[in-house]
Amino acid sequence: QVQLVESGGGLVQAGGSLRLSCTASDRTTNNYAMGWFRQAPEKERQLVAAVAWTGMTIYYLYSVEGRFTLSRDKAKNTLYLQMKSLRPEDTAVYYCAAQRQGNYLRDPYDYWGQGTQVTVSS
């Protein structure tokens, strides 16, 4: 069973930056699609950024494009989300997820982390 552990969330002022990390328990995820989701209170979960299993294609939610950057270090089994120019509307619990096969732009994802809170103050 793959385990994903996120870190890097916190409280930041609007305009600030944070980097989220997601470390997988084993290297099998290096062949999986991986993504970052977020869920704010009373809102649906949304896919923020994702990378196809080939690593050749990266998707960004339109509202974060140009501000967030997804990257992957396969040697460390780690996925990153660098977030800049943060806005109060980015406040949410951010989840890392891995998908063994399927359309990386859609659920279902097979493995999920526990989530990390990101709070952006105005």
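Being of a type in the set (Val, Ile, Thr), open to solvent by 60 Å² or more (accessible area, probe 1.4 Å), under 17 Å from Tyr111 (Cβ atoms) and not in a loop (DSSP other than H, G, I, E, B) is a description that does not apply to Thr69.
Looking only at segment 73-121, residues that are modelled with pLDDT of 95 or more, more than 14 Å from Asn30 (Cβ to Cβ) and of a type in the set (S, T, N, Q) come to 8 in all.
For segment 21-45, filtered to residues that are touching a Lys or Arg at 6+ places or on another chain (Cβ under 6 Å) and assigned to a strand (DSSP E or B), the residue that is surrounded by the most Cβ atoms within 10 Å (Cβ to Cβ) is Phe37. Screening segment 46-66 for residues that are open to solvent by less than 10 Å² (accessible area, probe 1.4 Å) and among the β-branched types (Val, Ile, Thr) and picking the one that is nearest to the chain's Cα centre (by Cα) gives Val48.
Residue-level check: of (1) touching a residue at least 60 places away in the same chain (Cβ under 8 Å); (2) surrounded by fewer than 22 Cβ atoms within 10 Å (Cβ to Cβ); (3) among the small types (Gly, Ala, Ser); (4) touching a strand residue (DSSP E or B) at 6+ places or on another chain (Cβ under 6 Å), Ala98 misses just (2).
The values are calculated or read from the model by the stated rules, or taken from the named source; none is laboratory data. Everything quoted here is computed from the prediction, not taken from an experiment. Positions of Cβ are generated from backbone atoms using ideal geometry, with glycine treated the same way; all protein chains shown enter the neighbour counts. When the accessible area is computed, the model is the full protein with side chains, heavy atoms only, and any ligands, DNA or RNA have been set aside. Shrake-Rupley method; radii C 1.70, N 1.55, O 1.52, S 1.80 Å.
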